Amino acid sequence: MIFPLLRFGAAVVFCTTISAGASGIPLRQSKEATSRPQAELQAIDMKPTVMKFGGTSVEDTTAFRNVTSIVRLAAGSRPVIVVSAIGGFTNALLASVERAIAGDSRGASKLLDKHFERHLVIAKDLLGKESHAAFVSLIGDARGKIRQLHKIIASHPVTSPPLQDEIVAYGEQLSSQLLAAVLCENGLGARGVDARSCVKTDENYGSAAPQGETVEATRTVLLPLLKAAKIPVLGGFIGSTARGVTTTLGRGGSDYSAALIGAAIGAREIQIWTDVSGVLTADPRLVPHAQTIPVLSYHEAAELAYFGAKVLHPKTIQPAIDQNIPVRVCNSRAPKNRGTLIVSESEAAPQTVKAIAHKNGITTVQVTSARMLGAYGFLRKLFEVFDQHRTAVDVVTTSEVSVSLSIDEASSLDALKADLEKLGKVEVEAQRTIISIVGEGLRNTPGIAARVFSVINDINVSMISFGSSSVNLTFMVDEAQAAIAVARLHQIFFEGSPQPDDELTGVRAASPRAHNREEVVV
Ligand code: ADP
Ligand code: ASP
Ligand code: MG
């Protein structure tokens with residue numbers, strides 16, 4: 001009798017669906033009614049703007065204040081807010097499920113204490129007496145409910161996939177309720193919306209796929225609110241099945257939620273507010289002086305996201321392409337920076353390369369078989385094995401008698417390998433990194449490959465893939481050499497030739513062109 005418990009709206013006590021009418025927290029109606037600007041009323045015919053704030057943009061009181069200022073400035077452009085769990089909470093919720101699966105339900109619940117306290121500190125700092133009391137009660141309910149779920153998992157670990165999603169979804173439920181209350185407190189007409197009534201998915205818990213019903217459901221819930229000049233606030237990352245069971249879209253999935261919602265309501269723009277000033281020329285954790293790319297095409301952005309640029313979830317771009325909606329990536333700590341605009345077409349950069357992405361933790365699998373020579377049907381059989389084990393392949397290269405494939409999810413590797421061995425000799429290499437050089441016009445620019453490989457000619461490179469997409473040159477290196485390879489490539493394409501000191505560190509000291517995490521604080 002566990003599943004009926006999971007249907008939201010029936011058993012999830014704290015969440016407030018739109019049918020309940022509001023954020024669940026008392027609104028300061030008088031302020032809202034008197035300060036609503038004329039422009040906001042006139043804007044009712046405008047297309048909405050979806051604004052998604054990631055975990056670091058809502059990590060503490062200062063971050064909530066920044067978000068409030070940003071939303072206030074955008075109040076005339078019919079904003080719809082999508083928000084992640086407060087920074088670090090999703091990791092903690094997942095760790096708590098692991099602890100519960102190991103049988104320690106008390107320890108599992110304890111892991112979350114400090115994160116509930118963080119919510120309470122923000123609520124205390126930013127909410128008035130009434131709405132603060134309502135949020136304290138919401139947190140109490142969530143805590144009690146999660147404690148119960150930990151106990152169920154500890155005694156029946158097989159129940160964990162749907163229960164894990166149920167628990168993890170509290171991250172976005174709480175952040176969205178808290179943000180809606182903070183916005184209301186500041187005179188902005190926000191309404192907390194349960195995103196599970198909008199984003200309808202299949203039952204693939206932990207990585208659910210949105211279904212077509214999402215469009216109608218989202219429109220039904222959001223359009224009346226927009227018409228009434230309200231600001232809907234939804235949690236990203238979460239959805240529900242047709243039976244009303246909670247699901248999640250996969251790590252980093254709030255960007256995807258924002259794009260799905262934006263596409264459903266025909267948004268003017270989908271804005272991804274994060275902790276860096278847009279999509280940068282490389283991962284700033286490897287190249288601290290990476291620079292903002294002003295404009296990217298959908299195609300370039302999708303390749304960068306797919307090959308490791310964490311700033312965008314890889315599935316974010318498709319809904320935007322479907323409806324031709326621009327996506328803008330901006331910095332919630334420096335909102336005056338223009339960030340990166342992603343549109344259907346962008347000009348090639350003068351040096352052709354726009355950015356370098358990398359993705360660690362890759363496993364490569366090489367299958368060698370003389371049976372492949374001149375035979376048809378071999379590749380089909382090979383891919384069927386990956387299909388059976390539900391394992392996605394990123395890059396593929398072939399020779400006459402062997403095929404190399406890369407995967408980033410190796411949980412079924414042993415079983416996969418056993419089945420592949422029926423087709424040929426199998427060699428597996430773990431701890432590899434995919435490096436991807438991205439830019440419109442790459443395929444038609446002579447000399448690019450020579451420049452790339454000459455600067456890393458002392459690093460062992462494999463699985464080179466060039467030309468399958470017009471915007472991308474991809475290859476594999478050992479994880480231990482990824483940092484130095486990315487830093488050197490960044491130097492030749494964005495900073496002039498390599499400097500001698502990079503041989504020691506792989507990364508040169510940050511330059512004044514840094515991407516300015518904290519240039520302008522609202
Ligand atoms: P959020 O919590 O806002 O969703 P994420 O942590 O998911 O933020 O994504 C932002 C982070 O992505 C940045 O802090 C940066 O470290 C990382 N990142 C990796 N590659 C890139 C890139 N090419 N451009 C910008 N950020 C990148
Ligand atoms: N909170 C979720 C995560 O950390 C979703 C997101 O932030 O995009 O993965
Ligand atoms: Mg993210």
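Placing +1 on the Cβ of every Lys and Arg and -1 on the Cβ of every Asp and Glu, with nothing else charged, gives the chain a dipole about its Cα centre of roughly 1460 debye. Across all Cα pairs in the stretch 334-446, the calculated P(r) in 5 Å bins from zero up to the longest distance comes to 2, 10, 17, 16, 13, 11, 11, 9, 6, 3, 1, 1, 0 percent per bin. Residue-wise HN-Hα couplings along the stretch 382-394, as the Karplus relation 6.51 cos²θ - 1.76 cosθ + 1.60 with θ = phi - 60° gives them from phi, are 4, 5, 4, 5, 5, 4, 4, 8, 6, 10, 7, 9, 8 Hz; Gly and Pro carry x.
Please give the net charge around PHE53, taking every other residue with its beta carbon less than 14 angstrom from that of PHE53, where Lys and Arg add +1 and Asp and Glu add -1. Mind dumping the intermediate values first?
Details: positive: LYS52, ARG65, ARG72, ARG328, ARG333; negative: GLU59, ASP60, GLU172, ASP255, ASP275.
Taking every Cβ under 14 Å from that of PHE53, the sum is 0.
Taking only protein heavy atoms and a 1.4 Å probe, the accessible area of the chain is 52% carbon and sulfur.
When you count, for each residue, the other Cβ atoms within 10 Å and take the mean per peptide, how do 149-156, 270-277, 406-413 rank with the highest first?
270-277, 149-156, 406-413
As an exercise, find the ratio Rg/Rh for the chain from alpha-carbon atoms, using the Kirkwood inverse-distance average for Rh.
Numbers: Rg = 24.2 Å, Rh = 24.5 Å.
Rounded to two decimals, Rg over Rh is 0.99.
Can you compute the FRET efficiency between ASP458 and GLU479 using 1/(1 + (r/R0)^6), with r the Cβ-Cβ distance and R0 = 22 Å? Round to the nearest 0.05. Taking R0 as 22 Å, the efficiency between ASP458 and GLU479 is 0.85.
Can you tell me the order of 480-493, 253-266, 457-470 when each peptide is scored by its average per-residue count of other Cβ atoms within 10 angstrom, highest first?
Details: 480-493: 20.9, 253-266: 27.1, 457-470: 13.8.
Highest to lowest by the protection proxy: 253-266, 480-493, 457-470.
Of the listed peptides 82-92, 382-392, 137-147, what is their order by residue-averaged count of other C-beta atoms within 10 Å, with the highest listed first? Intermediate results must be reported in sequence, preceding the final value.
Numbers: 82-92: 23.8, 382-392: 15.5, 137-147: 17.5.
Highest-to-lowest ranking by the protection proxy: 82-92, 137-147, 382-392.
Accessible surface computed residue by residue for the chain, with neighbouring protein chains in place and a 1.4 Å probe, gives 42 Å² per residue.
Spherically averaged projected area of the convex hull of Cα atoms, the stretch 355-521: 12.8 nm². For LYS422, a cut-off of 16 angstrom between C-alpha atoms picks up these lysines, skipping any fewer than 8 places away in its own chain: LYS381.
The values are calculated or read from the model by the stated rules, or taken from the named source; none is laboratory data. These numbers come from a predicted model, not from an experiment. Cβ: placed from backbone, ideal geometry, glycine included. Neighbour counts: every protein chain shown. Keep in mind that these areas ignore ligands, DNA and RNA; they rest on the heavy atoms of the full protein, side chains included. Shrake-Rupley method; radii C 1.70, N 1.55, O 1.52, S 1.80 Å.
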